[in-house]
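The values are calculated or read from the model by the stated rules, or taken from the named source; none is laboratory data. None of the values given here were measured: they were computed from a predicted structure. All Cβ positions, even for glycine, are placed from backbone atoms using ideal geometry, and neighbour counts span all protein chains on display.
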Ligand code: G1P
Ligand code: ZN
C-alpha cells in the first residue's frame, strides 16, 4: 500500500559540492530525509519502471535512510532497486553499478571524508545514469523543489533484510540485494595487470593500506589480499563502522599521521595508501616520499599507458582549477587536451562522456578515469601498483624522475575550518572588490600577472559556472587561490591553495612550506585572513 504523507518544506536543503550534507540530528528531523528524497524524484523524469541503485558508506543512519529510500522508490514507481549488501556501496562502486546495469540513477548516502556517528555528518547525493553526480541543472531543480514540497510518497511494507544477497518483489518493485564488491573488483581486473602486481607482491613488495574503518575495507581486502596476494594484515581497519571507529576518515597527512610516520621510519613498507569514508579519495605515500595529489595526478597520467586499460594512451586530462598545474605539463608533452574545471567531480562528467578527457583529478586527493564517473580511491592505488610493478622502481624514484623531467610544482592547501560564515563571506567579498586593482602589483619579488574569479565554460553543454574561486596568478607560474568550501557542515571553511613552479632540479628538495613561504605571506596580505577570521594559523595544512 502506498501512502502520500503531507509534509512541510525545510529551508536548508541546498545541495553543495557533493549533495546534501548535514549533521545526523538534522537528518533525523521529521520528514527531513523523506523531503529531500522526494524532491530528487520530483526533479527527474522518465524513471517509471526503471532501476535505482542505492547504497552508502555504512556510516551512522545509513541503514535507516536506505529503508526509507527503498520504500519511497517503490511508491514513486521505480521498477527495481539494487542495493549493496549491508547497505554498503562505495561511491565509485555505486557509479560502476549504475553504468554496468544501465540503471536510471542512484542514491548514494555518504558525507565522504567527514566523521560519522550520532552527532556527526550524514549526506544524500543523487547520481545520474552516466554514473556521475547530478549536474547543476538537476541539483538546482532539487533545491527549488525542497522549498515547495508538501507531500511525499512512501510504500507501506516491512523493512527489507539488507544482509542477505538475493532478489524479491515487494509492492510491485524488484529489490535486489547485491554483493557490493564483486562487479567493482572485476572491473579493476580488466583495467590493471593483476599478474604483474601479484608477482611484485610475491617477491616481497609490502603494502600498508588503511581503510580507516570506512567503506573501502571490504573492497581492499578482496582485491589487495585475496586477489593480489598481499599478506593478511596489509589492509588495516577494514571493517566499516558506523562511527568509523571514532576516526576522521579523510586520507590526508593530519588524519593518517600514523601511516605517514611509519612510511618515513625505518623498516617502512614499500607502499602506503588510504582512502576516505566513501572510498573515492586516496592517499599515496612511498618509502620516505609523500606524493601530493596534484603530483599523483600528473604521474598517473604520464604513466597510465603501462596499465592494460589505458595502453592505447589517454585522450586528455582534466583537473579542478585549484589543483596544481603539474598535470598540464604532462598533457602538453603527450599532446593531449587539458581541461581546467571548477571544484567538484560533477564537472568532469561531460568531458569523460564526450571522450575529451580520460584521467581526471583534484588536489583534494581525488583521482579517477573514464572507467566510472566518480573519483576512485582504490583505482588510484591499483594504477600506482601497476606502474610500480612495470617500472620496477620505488615511489620516490618515480616521483623524483618526474620532477626532473617536468619541473616541480610545490603545492599546499591551508584550510581554516569552522570560520564564522559572515566573516568568511566578508573576506571573499573584499577580495573580489580588490581583483581589478591587483594585476601588476608587486609583493617583494612577486608580481601579480592577473587576478580573477574563475568562471568555467563547459565545452560540451556550453553551460557557464561563475564565481568558482579567486585566483591570483604571479609571473613565473606561481599562484594563490581562495575559495569557500561547499561541503562543510558547520560554519564556513576557507581554503587557500598555494603553488609555486620550480623548474630547477637543484631546488627540488626543499621543504614545501618553506618553498612557499613568500606566497603564504602574500596570501595573508591580500586577503587579511588573520584579522577577518580571527585565526592565527590554518586548522589543516595539506
Ligand atoms: C571538497 C574538495 C573537492 C571535492 C569535494 C568532494 O570540496 O575540495 O575537491 O570534490 O570535497 O569530495 P569543498 O569542500 O572544497 O567544496
Ligand atoms: Zn569521498
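Please verify whether residue 341 is modelled with pLDDT of 95 or more, within 25 Å of residue 288 (Cα to Cα), buried (at least 19 other Cβ atoms within 10 Å of the Cβ) and touching a strand residue (DSSP E or B) at 6+ places or on another chain (Cβ under 6 Å), treating the condition exactly as stated.
no
Of the residues 359, 398, which single one is over 19 Å from residue 223 (Cβ atoms), away from ligand 1 (no atom under 15 Å from the Cβ) and buried (at least 24 other Cβ atoms within 10 Å of the Cβ)?
Checking each option against the conditions leaves just 359.
Is it the case, given these coordinates, that residue 59 is assigned to a strand (DSSP E or B) and buried (at least 23 other Cβ atoms within 10 Å of the Cβ)?
Answer is no for this residue.
State the number of residues belonging to region 316-338 that are touching a strand residue (DSSP E or B) at 6+ places or on another chain (Cβ under 7 Å) and not in a helix (DSSP H, G or I).
Count: 13.
Suppose the filter is closer than 21 Å to residue 341 by Cα and not in a strand (DSSP E or B); does residue 452 pass it?
no
Which one of these does residue 259 not meet: (1) surrounded by 20 or more Cβ atoms within 10 Å (Cβ to Cβ); (2) in contact (Cβ under 8 Å) with a residue 40 or more places away in the chain; (3) within 28 Å of residue 331 (Cα to Cα); (4) more than 16 Å from ligand 2 (Cβ to nearest atom)?
Only one criterion is unmet by residue 259, namely (3).
Which ones in region 316-367 are under 22 Å from residue 484 (Cβ atoms) and in contact with a helix residue (DSSP H, G or I) (Cβ under 6 Å, 6 or more places away or on another chain)?
319, 323, 324, 341, 361, 363, 365
Looking only at region 237-277, which residues are in contact with a strand residue (DSSP E or B) (Cβ under 9 Å, 6 or more places away or on another chain), part of a loop (DSSP other than H, G, I, E, B) and more than 23 Å from residue 539 (Cα to Cα)?
237, 238, 240, 268, 269, 270
Considering each of 37, 97, 54 in turn, give the residue that is farther than 21 Å from residue 240 by Cα and away from ligand 2 (no atom under 16 Å from the Cβ).
Checking each option against the conditions leaves just 37.
Conditions tested, residue by residue: (1) assigned to a helix (DSSP H, G or I); (2) under 15 Å from residue 388 (Cα atoms); (3) in contact with a helix residue (DSSP H, G or I) (Cβ under 6 Å, 6 or more places away or on another chain).
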position	(1), (2), (3)
185	yes, no, yes
188	yes, no, yes
198	yes, yes, no
201	yes, yes, no
204	no, yes, no
213	no, no, yes
217	yes, no, no
221	yes, no, no
224	yes, yes, no
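Find the helices (runs of 4 or more DSSP H) located wholly in region 62-154 whose residues include 3 or more that are surrounded by fewer than 24 Cβ atoms within 10 Å (Cβ to Cβ) and over 18 Å from the mean Cα position of the chain (by Cα), and list them.
Qualifying helices (runs of 4 or more DSSP H): 62-76, 136-146.
Across region 378-393, what is the number of residues that are within 16 Å of ligand 2 (Cβ to nearest atom) and closer than 17 Å to residue 286 by Cβ?
Qualifying residue count, region 378-393: 2.
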